[in-house]
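The values are calculated or read from the model by the stated rules, or taken from the named source; none is laboratory data. What you see is a predicted model; the values in this text were computed from it and never measured. A quick note on method: Cβ atoms are made from the backbone with ideal geometry, for glycine too, and the neighbour counts reach across all protein chains shown. The accessibility values were calculated without ligands, DNA or RNA, using every heavy atom of the protein model including side chains. Shrake-Rupley method; radii C 1.70, N 1.55, O 1.52, S 1.80 Å.
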Amino acid sequence: FYNLRSSADLAADLSTWDLVEVDGVFDLPAAPPTNMHAIARPGDPGRFYRVEEFPVPPVILLEEGFETGAGEFTAVNHNPGGTIWALGDPASAGEGGTVDTGNGGSTNCWGTDITNPGFYLTDTDTSLISPVIDLTSVAGATLSFAQAIDILTGDTLVVNIIDATTGAVIEPAIHTSTPDGDINAADWE
């Protein structure tokens, strides 16, 4: 996208040039293959213009802070004898928790020992599944998330990208944590 700036003084510092409003907006979207836009001629005898070009901001397909609830995230327990993901206040996790707040100081996050204070149970095999994110119209996507891990030796945490239609793993293990020793993170990363 573009910004159009204007000044009557060509020697003025560029940061002081005025933003020109075009059709009620300042940020002008690109119109490939040729970007063109007309504005009314100014009334003063001399005026200079410059165009600032900015990359298109990323399209956010899903953003969730869990402050208002689980959204469309679901927890699945693959082993009924194990612990399942739960949404809640990490301060309630007791001795098994690594942090006292959600990421950024929020009061909610997903965890495996939030509603059952202490460590997750032996043979836990649980998944936290996001809502379907349609990637058919984007050239690429980036996944960002925060974690505060508290896992024991030999346990594994894996993030996979899964086809919503078939359930097949598209991108396996884009993030894996398999400790050689216990991991007890002091903060979100």
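Points to keep in mind about this one:
- Residue that is nearest to Thr165 (Cα to Cα) [pool: residues in the stretch 107-124 that are open to solvent by 70 Å² or more (accessible area, probe 1.4 Å) and modelled with pLDDT of 80 or more]: Asp123
- Restricting Leu143, Leu128, Leu121 to those that are in a loop (DSSP other than H, G, I, E, B), in contact (Cβ under 8 Å) with a residue 40 or more places away in the chain and not β-branched (Val, Ile, Thr) reduces the list to Leu121.
- Looking only at residues of the stretch 125-138 that are open to solvent by less than 60 Å² (accessible area, probe 1.4 Å) and out of contact with any His (no Cβ under 9 Å at 6 or more places or on another chain), we find that the one that is farthest from Leu62 (Cα to Cα) is Leu128.
- Of all residues in the stretch 139-157, those being among the aliphatic types (A, V, I, L, M) and either within 18 Å of the chain's Cα centre (by Cα) or open to solvent by 70 Å² or more (accessible area, probe 1.4 Å) (or both) number 5.
- Residue within the stretch 53-70 that is in a strand (DSSP E or B), hydrophobic (A, V, I, L, M, F, W, C) and either modelled with pLDDT under 90 or open to solvent by 70 Å² or more (accessible area, probe 1.4 Å) (or both) present: no
Here is a yes/no grid of residues against (1) among the polar types (S, T, N, Q); (2) on the phi > 0 side of the Ramachandran plot:
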residue: Ser6; (1), (2): yes, no
residue: Asp9; (1), (2): no, no
residue: Ala12; (1), (2): no, no
residue: Leu19; (1), (2): no, no
residue: Asp23; (1), (2): no, yes
residue: Ala30; (1), (2): no, no
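- Residue check for Phe73: closer than 25 Å to Gly105 by Cβ and touching a Cys at 6+ places or on another chain (Cβ under 8 Å): no
- Among the residues of the stretch 165-189, those identified as in a loop (DSSP other than H, G, I, E, B) and surrounded by 14 or more Cβ atoms within 10 Å (Cβ to Cβ) are Pro179, Ala185, Trp188.
- Selection within the stretch 6-15 - open to solvent by 90 Å² or more (accessible area, probe 1.4 Å) and either hydroxyl-bearing (Ser, Thr, Tyr) or not in a loop (DSSP other than H, G, I, E, B) (or both): Ser15
- Asn3 vs. criteria surrounded by 12 or more Cβ atoms within 10 Å (Cβ to Cβ), assigned to a loop (DSSP other than H, G, I, E, B) and not charged (D, E, K, R): no
- Qualifying residue in the stretch 66-81 (condition: free of Cβ contacts under 8 Å to residues at least 12 places away in the same chain, under 23 Å from the mean Cα position of the chain (by Cα) and more than 17 Å from Leu4 (Cβ to Cβ)): yes
- Qualifying residue in the stretch 20-35 (condition: open to solvent by 90 Å² or more (accessible area, probe 1.4 Å), in contact (Cβ under 8 Å) with a residue 12 or more places away in the chain, among the β-branched types (Val, Ile, Thr) and part of a loop (DSSP other than H, G, I, E, B)): no
- Checking every residue in the stretch 93-102 against the condition of being surrounded by fewer than 10 Cβ atoms within 10 Å (Cβ to Cβ) and within 30 Å of Ile151 (Cα to Cα) gives at least one match.
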